[in-house]
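Here is the structure we will look at.
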Amino acid sequence: MRRGLLPVTPLRPSSLRLGNRLRDALPSTGTAGVGALLWGMAMGASAFRNLLLYNWETSGRIRLVVFLYFIGGALAFPVGLTLARLVSRGRHWQTAFAAAFVCLLATTLGFTGGLFALQYRSYYAE
């Protein structure tokens, strides 16, 4: 193989079944925990920065929005990482990077949007 074009994870003959592929793609507990904490903090900081740039007046609502973004990012990271590993198995690092970007984006949007939907549902139910 040429230098720099090594696959991300080698394909094993025993991992052709979906259950084995999913088990191989699952991140370790430490990776999932630390990554979820860091990704959640990054999403919360991003939301906080944007809210401050738009001069939100209500500090209580800022805390709620930042918290929802933090939780959405933290819940999305393990799922997004698993999906990225499933999609990029045996491919080059460029493909793995793109898959991680797309999967983390999609899962973060999904989880954060779901949390916002639950919050608005409970707000309007009162």
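Counting only the Cα atoms, region 27-125 fills a convex hull of 104 Å³ per residue.
Look at the dipole of region 34-126 built from charges on Cβ: of THR107, VAL87, SER46, the Cα furthest out on the positive end belongs to VAL87. Residues TYR54, TYR69, ranked from the fewest to the most other C-beta atoms within 10 Å, line up as TYR54, TYR69.
Values quoted throughout were computed directly from the atomic coordinates according to the rules given, and no laboratory measurement underlies them. Since the structure is predicted, the reported quantities are computational estimates derived from the model, not experimental observations. Please note: Cβ atoms are built from the backbone with ideal geometry, for glycine as well, and neighbour counts cover all protein chains shown.
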